[in-house]
Amino acid sequence: MIAKWISYQVINTERQDWRRGVEAAYRYRQREEHLDVPYEHTEGAYPLGRWLSDQRRAYRTGQMTGERAAELEELGIVWDTADQGFAENLAAARAYFELHGTLAAPRHATALDRAIGQWLTNIRRPGGLGKDPERAGRRAEKLAAVDPDWNPRENGWTVDWQRHYAYLAQLLAGGARLADVVPGVTRHGDDVGRWLATQRRDFSKLNAEQQRRLGELGVKNMGEPVAPGADRVQVQARLAGDARVGAPPCCVQDDLRPPP
């Protein structure tokens with residue numbers, strides 16, 4: 001009888017603690033609209049952050065019933081906080097791509113209040129997508145679904161080269177001519193014209209895939225020079241007008257401006 005009483009008390013206490021934890025999680029979820037609770041957070045006097053950490057541990061080790069797991073999932077628990085962080089950064093990466101048409105972001109770039117440029121720099125490094133090969137593969141696929149060239153180093157060139165190439169392709173798709181893209185022509189603050197002049201000059205130093213991609217845009221070794229006496233201001237004005245007519249709204253920018 002004593003053993004049964006002790007067992008009942010332990011089970012009953014554990015059930016009460018579970019209900020208190022679930023109720024605290026529900027209140028937090030209703031107020032914050034998510035369940036990404038810091039470990040040190042207390043909901044009133046209840047240590048909700050620590051309790052959720054304990055539940056994740058029980059889930060990983062197979063010590064949680066399916067009924068309890070389903071109850072927490074209905075509240076919006078994230079079992080793997082690392083995956084949650086990746087998902088949030090991926091959403092910011094999508095927002096950046098919608099505006100810039102590329103994930104070749106400079107380090108200082110931000111999107112949705114996240115340092116997306118630094119994040120992309122970090123995950124491009126060896127092992128940056130995680131130590132688990134399967135998880136890293138899944139993450140790489142999700143990034144490639146946004147931009148197949150999200151990691152240009154795999155192709156043998158830099159992030160800076162990829163970004164300028166993408167901007168040049170966007171300008172041409174918007175109705176510009178190669179002869180219009182002279183030094184001083186910018187997109188999102190990058191001097192695409194100067195970059196293009198460098199590619200023409202150093203065309204033979206590029207790898208075969210770089211040459212192929214530029215060739216598809218009509219760029220050749222020491223390609224077509226701008227006609228003597230061309231008025232850059234007029235060229236820039238026409239280029240800006242063409243971009244506004246031919247480019248999708250997300251890609252139209254106001255930084256197409258002549259050099260000082």
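For segment 77-107, how many residues meet the condition of being more than 30 Å from LEU48 (Cα to Cα) and either crowded, with 21+ Cβ neighbours inside 10 Å or not charged (D, E, K, R) (or both)?
12
Go through segment 1-36 and give me each residue that's modelled with pLDDT of 85 or more, open to solvent by less than 100 Å² (accessible area, probe 1.4 Å) and touching a helix residue (DSSP H, G or I) at 6+ places or on another chain (Cβ under 9 Å).
Within segment 1-36, ASP17, TRP18, GLY21, VAL22, ALA24, ALA25, TYR28, ARG29, HIS34, LEU35 meet the criteria.
If a residue has to be open to solvent by 30 Å² or more (accessible area, probe 1.4 Å), within 22 Å of ILE123 (Cβ to Cβ) and touching a residue at least 60 places away in the same chain (Cβ under 8 Å) to count, how many in segment 140-193 make the cut?
Total meeting the criteria: 1.
Could you figure out which of (1) out of contact with any strand residue (DSSP E or B) (no Cβ under 8 Å at 6 or more places or on another chain); (2) farther than 30 Å from LEU172 by Cα isn't true of GLU88?
So GLU88 meets the others, but not (1).
Being closer than 30 Å to VAL22 by Cα and of a type in the set (A, V, I, L, M) narrows it down to one residue among VAL159, VAL146, VAL78; which is it?
VAL78
Residue-wise test of (1) at pLDDT below 95; (2) outside any helix (DSSP H, G or I); (3) of a type in the set (A, V, I, L, M); (4) open to solvent by 60 Å² or more (accessible area, probe 1.4 Å).
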position	(1), (2), (3), (4)
TRP195	no, no, no, no
THR198	no, no, no, no
LEU214	no, no, yes, no
LYS220	yes, yes, no, yes
GLN234	yes, no, no, yes
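Looking at (1) under 15 Å from TYR96 (Cα atoms); (2) open to solvent by less than 80 Å² (accessible area, probe 1.4 Å), which is the only condition THR110 fails?
Result: THR110 passes all but (2).
The values are calculated or read from the model by the stated rules, or taken from the named source; none is laboratory data. Nothing here was measured: the structure is a model prediction, and the numbers come from that model. When we count neighbours, we look across all protein chains shown, and the Cβ atoms used for this are built from the backbone with ideal geometry, even at glycine. Accessible surface is based on the protein model in full, side chains and every heavy atom, while ligands, DNA and RNA are left aside. Shrake-Rupley method; radii C 1.70, N 1.55, O 1.52, S 1.80 Å.
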